[in-house]
């Protein structure tokens, strides 16, 4: 039986336990580190809009004058995800 070492993508610690499955059947994990800001995560996401860091990529593309459809096509997320992320963004 092979054992896979799972690290938290946020804090990088290995204090991780299994935490059930998502609706799509992917394994979820729970980070037991109290300093970690995101405690529940998955290693693989079926929906690319839920991946960590996708919202930052959407904002970077918008700053570089990419349209909603172009961003959606390049990042392989829905146009709804792109537009809702841009609406949530706070103006500096």
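The values are calculated or read from the model by the stated rules, or taken from the named source; none is laboratory data. Everything numeric here is computed off the predicted structure, so don't read it as measured data. FYI the Cβ positions are ideal-geometry reconstructions off the backbone, even for glycines, and counts take in every protein chain you see.
Against the condition assigned to a loop (DSSP other than H, G, I, E, B), modelled with pLDDT of 85 or more and surrounded by 14 or more Cβ atoms within 10 Å (Cβ to Cβ), how does residue 81 come out, does it pass? The answer is no for residue 81. When restricted to residues that are at pLDDT 85 or above, surrounded by 11 or more Cβ atoms within 10 Å (Cβ to Cβ) and part of a loop (DSSP other than H, G, I, E, B), region 9-32 contains 5.
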